[in-house]
Amino acid sequence: MKFSCNPDALSDALNIVSKAIPNKPTIPILEGIKLVAQGSTLILSATDMEMFIEKKINADILLEGELVVSGRIFTEFIRKLSDLDSITIEKFAENLNIYYGDNETAIQCLNEDTYPEIRQIDDDSYFMIKEGVLKETIERAIFCVAVEDSRPILKGCLLEIKDNVLTAVALDGYRLAVAKCGVTEQKGDIKIIVPGKHLNEIAKVLGESEEIFKVNIQKNNIMFDLGHTRITARLMEGEFLQYEKIIPVTNQTSIVIHKEEMERGLGRASLIARDMKNNYSKLSISNDMIIIKSNSEVGNFRENVACKQSGKDLEIAFNSRFLFDAFNRIKEDYIKIEFNGSSAPALITPLEGEKFKYIILPVRMIG
């Protein structure tokens, strides 16, 4: 095998596929990245047996072939050649040789015969969606996926599609995220659970383009086919929680706020409260005004934020990070927050539509 290519393009591709390399591989070959030179294309791939990423780039193929090389070493080395216009890579004996200028470096190859093949996914069920739309929808929900092992199913994100509407749901016991968007086409009703760690990496690979691509689902696998990039992930088994029962249907207090003004106030309050166990901020809602308070050994904080209030006055407290995580995913200028007392969860929604719903449990106020 021998080819020449742009090192920046190769480095970008390696950064994408290396997301599938396990931190502690149980099988040595999984440390590798596979390179296949064919026609005018270089195909790179990596897997941890649960997720498989394949990326194609243009290259000047001088001799077709394939090899597997240590992924982390190769990725880091190519990254350090970004100041060059072109490099040449050749398989020679048991080594991958890299030629750059008058220089040459050899990295030992791994046995490509033992490298696992990508799982082929038929279109038993599928949906078509704009790349940027899927990226935004995943990001609106994925931060609420649980990281603890006590309830394994919560480490996944539910993806459900009915009537050309995709709903993504994640919860960790303290908060719930529901994000919705339209798909351009679907085959069959779809209800699957994708591991949160894999969906998070997939979101990083997705761009913000208007390009429509296909997502196939077959048995316990899902494949995102972007043409130049294919990502396959194994789905989780089990039943997701009936999240609809968690969403409040009534409220005693409702406010409309300017999201950024509230976010800035909470940010200042969090600086004072960050050494406290729950880093909580107290909200006092009355007369179309929110008073944000936080206290700690560092000092005391109090700031007013205007709102449009309906219903009862209220005092309630939240972990500041939970509010920040939700606000960071909201692009709308104004949002609605509904409360049903100081001990019930709050519901955050847009003023119109159903792009997102966030439910956050309050913390018990001390003092």
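Derivation of every value follows stated rules applied to the coordinates shown; laboratory data play no part. All figures in this text were calculated on a predicted structure; none of them were measured in a lab. Because the Cβ atoms are built from the backbone with ideal geometry, glycine has one as well, and the counts that use them run over all protein chains shown.
Report the equivalent ellipsoid semi-axes for segment 179-240 in whole Å, largest first, defined as the square roots of five times the eigenvalues of the gyration tensor built from alpha carbon atoms. Mind dumping the intermediate values first?
Values: eigenvalues 72, 44, 29 Å².
They are 19, 15, 12 Å, listed largest first.
How much FRET efficiency would the formula 1/(1 + (r/R0)^6) give for PHE92 and GLU315, where r is the Cβ-Cβ distance and R0 is 56 Å, rounded to 0.05? Intermediate values should be presented prior to the final figure.
Numbers: r = 72 Å, r/R0 = 1.29.
About 0.20, to the nearest 0.05.
Taking a point 7 angstrom from the Cα of GLU160 along the C-beta vector, which residues in segment 232-257 have backbone N less than 20 Å away?
Within reach of a label on GLU160: 235-250.
Taking other Cβ within 10 Å of each residue's Cβ, how do LYS331, LYS357 sort, fewest first? Display every interim value, and only then the final one.
Values: LYS331 11, LYS357 20.
So the residues, fewest neighbours to most, are LYS331, LYS357.
Among GLN252, GLN218, GLN309, whose mean-square fluctuation peaks in a Gaussian network model of the chain (Cα, cutoff 10 Å)?
Per the Cα network of the chain with a 10 Å cutoff, GLN252 tops the list.
R0 = 22 Å: FRET efficiency of GLU208 with ILE107, Cβ-based, nearest 0.05?
E between GLU208 and ILE107, to the nearest 0.05, is 0.05.
In nm², what is the average projected area of the convex hull enclosing the Cα atoms of segment 125-244?
Details: hull surface 26.8 nm².
That works out to 6.7 nm².
Got a sec? Which residues in segment 277-308 would a label at ARG364 touch, if it sits 7 Å along Cα→Cβ and we count backbone N under 16 Å?
Answer for segment 277-308: 277-280.
Please list, in order, the residues from segment 28-44 whose amide nitrogen is less than 16 Å from a point placed 7 Å along the Cα→Cβ vector of LEU62.
Once the point is set 7 Å along Cα→Cβ of LEU62, 37-42 turn out to lie under 16 Å by backbone N, inside segment 28-44.
Quick one: if you stick a label point 7 Å off each Cα along the C-beta vector at ARG151 and ILE247, how many nm between them?
Between ARG151 and ILE247, the simple spin-label model gives 1.8 nm.
Local charge sum around LEU283 (other residues, Cβ-Cβ under 10 Å, Lys/Arg +1, Asp/Glu -1)?
On the way: positive: LYS282, LYS293; negative: GLU315.
Local net charge: +1.
Name the aspartates and glutamates eligible as straight-distance cross-link partners of LYS312: C-alpha to C-alpha under 12 Å, and not fewer than 8 places from it in the same chain.
ASP288, GLU338
Cα-based Rg (one decimal) and Dmax (whole number) for segment 1-71, in Å?
According to the Cα coordinates of segment 1-71, Rg and Dmax are 12.0, 35 Å.
Apply the Karplus parameterisation 6.51 cos²θ - 1.76 cosθ + 1.60, with θ equal to phi minus 60°, to every residue of segment 82-92 and state each ³J(HN,Hα) to the nearest whole Hz, in sequence, with x for glycine and proline.
Karplus-based 3J(HN,Hα) across segment 82-92 equals 5, 7, 9, 7, 7, 9, 10, 10, 9, 8, 10 Hz.
Obtain the nm distance between the two label points defined at GLU50 and TYR174 by a simple spin-label model: each point lies 7 Å from its Cα along the Cα-to-C-beta direction.
Label at GLU50, label at TYR174, 2.2 nm between them.
Can you list residues from other chains, or at least 5 along the same chain, whose modelled amide H is less than 5 Å from the amide H of ASN95?
Here the answer is CYS109, since their amide H atoms fall under 5 Å of that of ASN95.
Which residue, GLU354, GLU297, GLU237, has the most motion in a Gaussian network model of the chain that connects Cα atoms within less than 10 Å?
GLU297
Would you look at the GNM of the chain, springs on alpha carbons closer than 10 Å, and say which of LYS204, LYS214, LYS282 moves the most?
Of LYS204, LYS214, LYS282, the Gaussian network model singles out LYS204 as fluctuating most.
Tell me which chymotrypsin sites (Phe, Trp or Tyr not before Pro) from segment 46-99 have a DSSP coil assignment and no more than 15 other beta carbons within 10 Å of their own. Write out the running numbers ahead of the final one.
Details: sites: PHE52, PHE74, PHE77, PHE92, TYR99; in loops: none.
Of the chymotrypsin sites (Phe, Trp or Tyr not before Pro), not one in the loops of segment 46-99 has a Cβ with at most 15 other Cβ atoms within 10 Å.
Taking only the Cα atoms of segment 248-360, how large is their convex hull per residue, in Å³? Walk me through the intermediate numbers first.
Details: hull volume 10.2 nm³, N = 113.
Taking the convex hull of the Cα positions in segment 248-360, it is 90 Å³ per residue.
Could you put SER125, SER284 in order, starting from the residue whose Cβ has the fewest other Cβ atoms within 10 Å?
On the way: SER125 19, SER284 16.
With the sparsest Cβ surroundings first, the list reads SER284, SER125.
If you stretched the chain out fully between HIS228 and SER296, how much longer would it get, using 0.36 nm times the residue separation minus the C-alpha to C-alpha distance? Walk me through the numbers before you get to the answer.
On the way: separation 68, 0.36 × 68 = 24.48 nm, distance 5.22 nm.
Going from the current span to full extension adds 19.3 nm.
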